[in-house]
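Written below as structure tokens is the structure these notes are about.
The values are calculated or read from the model by the stated rules, or taken from the named source; none is laboratory data. Here the structure is a predicted model, which means the values were calculated and not measured. Cβ atoms come from the backbone with ideal geometry, glycine included; neighbour counts cover every protein chain shown. All accessible areas refer to the heavy atoms of the entire protein, side chains included, with ligands and DNA or RNA removed. Shrake-Rupley method; radii C 1.70, N 1.55, O 1.52, S 1.80 Å.
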Amino acid sequence: MRKIYITCITALFFACTCMADNVVTFEEFEVNTDGYQNDFGEDGYFESGGFTFYCNYFPEWSYWSGFAVSNRTETSFASLTPDQFNCCVGHGANGSEKYCVAYPQGELIEVDAVGGQEISGMYVTNEAWVVDAILNGDGMTPGAFTTGDYLILKIIGNHADDTSDIIEFYLADYRSENEADHYYVNDWQWVDLSALGKVESLTFRMESSRNNDWGMTTPGYFCIDDFNGIAPSAENSVATFEEIALEADSYYNGAGVEGESIIDGWGSQVTKSYFTSGDYRFTTIYNPSYGSWSGFSVSNTTSSTYSDWSTDQYNNCIGHGYGGTGNFAVVYPSTLGETVEPISGPKVVSGMYVTNSAWNVYAYTVSDGMTPGSFTTGDWCKLTITGTHADGTTATVDTYLADYRSTNEADHYYLNDWQWVDLTPLGEVTQITFTISSSRNNDWGMTTPGYFCMDNLGGEPDGTTNIQRTSSTATSVEVARYTIDGKAISAPQRGINIVRMSDGTIFKEVVR
């Protein structure tokens, strides 16, 4: 038996809506509202898309094993029935209603085609009871998962010649000595099964670090959807944040989301959770005691002004996402390990669009509340983007959110629209972190609000720039020149240059 290893992190993918002819979505099964189906009669199986899913049901013992279909929306666990049929997401992959809950005790998924077939893959996530065990203890082994713990799903492809291959997928991985690397799958994750080749059936095994004399104590469940579906494509790898469901003029900041409980630098108990968009996972830290957050939030607020911290910290200075879209990310980096991580593994990230938060613009143009007055000559606010490589080395890219350093007031500017920042100089990265610094500080640190807004991470630039100048002169001559990421340069530089004229006009110049 050959092993094929898959290393993954918690992730949510939204694949293209097209599906293969024999994809199993589980949507055709009749299930009561917020219910489940685990009794498939005397035959003990159900069929869909050219595959047979086997299930055992023993009503006298209220026991089942194998595969069940659920549409339950509850994401927590309180009692065995019905909560063993809850996934940790509350819906199927790609926002669908139904999904499959698997409790494998030797049951298999059989390929109906003669000679078998290659299976593209499937979406996988954790069942709610499993997440409860990871975070709180499994009832037989006290306490949450700690360093050294893990939960593995082993997917075994059985071939016509009686050989088999195996793919190992971690549903939870706390093996690293570095706690920042600990994770459990808390959303739908695509698992590529094509490496198994042509198979006649699949069987499943689960293994955990938590065991006693009778076997594994971690609940042995997992959830699947879109079996033999379409893998996430490159066009879905851009983090647009549009797949994050928000009510009108609202935001997501991690409130009410189950996650890892950690202690922050001030001794407060906070919740570390994740959300995903495109091929990227984003960390959010939420403090329920104060209703505060750090890291990454998602907003669709349309106001572009600032007057109140509690709501207006989620406003950008434009009132929409890049290209007029609804959603965008608001970033408030701290020192608690908030990162962006490519889900598919180390990669060169093309770049992203950034702009100022409404609160930052208020600070530049009016006052930051602690340092009186607007920005003047010598002031600046800078975003530093750090990429970490697989070998632990780092590279940085700087871009100015506001730059008043020049003695020539005509050169003063702040970003007041979406600006592309090229991240390719970071090289191939395993994670990205952000730091904001400013000329405005006091004894306790930076007084300029430490926010910026992001959209289309991993996308492509449109070749335009949006640099807001604070003044202009009467004659039309070149007064400033910038790279595409907003850095001031004193002479033409190869590539795309942004030229600012003294009459306020800005144009793009390609220097070869």
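For every residue, the table says whether it meets (1) touching a strand residue (DSSP E or B) at 6+ places or on another chain (Cβ under 9 Å); (2) touching a residue at least 40 places away in the same chain (Cβ under 8 Å).
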position	(1), (2)
PRO333	yes, yes
GLY337	yes, yes
VAL340	yes, yes
TYR353	yes, yes
SER357	yes, yes
TYR362	no, yes
GLY369	no, yes
SER374	no, no
Failed item in (1) buried (at least 18 other Cβ atoms within 10 Å of the Cβ); (2) touching a helix residue (DSSP H, G or I) at 6+ places or on another chain (Cβ under 9 Å); (3) at pLDDT below 95, with ALA78 passing the rest: (1)
For the stretch 136-161, which residues satisfy the criterion of being among the hydrophobic types (A, V, I, L, M, F, W, C) and touching a strand residue (DSSP E or B) at 6+ places or on another chain (Cβ under 7 Å)? MET140, ALA144, PHE145, LEU151, ILE152, LEU153, ILE155, ILE156
When you scan the stretch 302-314, do you find a residue that is in contact with a His (Cβ under 9 Å, 6 or more places away or on another chain) and within 23 Å of GLU341 (Cα to Cα), even just one? no
How do the pairs read when you match residues in the stretch 426-444 that are modelled with pLDDT of 90 or more with residues anywhere that are open to solvent by 20 Å² or more (accessible area, probe 1.4 Å) and among the aromatic types (Phe, Trp, Tyr), using Cβ under 6 Å and keeping only pairs 6 or more apart or on different chains? SER439/TRP380
Looking only at the stretch 203-228, which residues are closer than 16 Å to PRO104 by Cα, part of a strand (DSSP E or B) and more than 23 Å from the chain's Cα centre (by Cα)? THR203, PHE204, ARG205, MET206, GLU207, SER208, GLY215, MET216
Residues in the stretch 169-188: is at least one under 17 Å from VAL101 (Cα atoms), at pLDDT below 90 and open to solvent by 10 Å² or more (accessible area, probe 1.4 Å)? yes
List pairs: first in the stretch 50-73 and farther than 18 Å from GLY106 by Cα and open to solvent by less than 10 Å² (accessible area, probe 1.4 Å), second modelled with pLDDT of 95 or more and of a type in the set (Val, Ile, Thr), Cβ under 6 Å, 6+ apart or cross-chain? SER70/VAL101
Unmet criterion (only one of (1) assigned to a strand (DSSP E or B); (2) farther than 30 Å from GLY324 by Cβ) for TRP190: (2)
Can you tell me how many residues in the stretch 343-392 are more than 27 Å from ASP187 (Cα to Cα) and either out of contact with any Pro (no Cβ under 7 Å at 6 or more places or on another chain) or in a loop (DSSP other than H, G, I, E, B) (or both)? 28
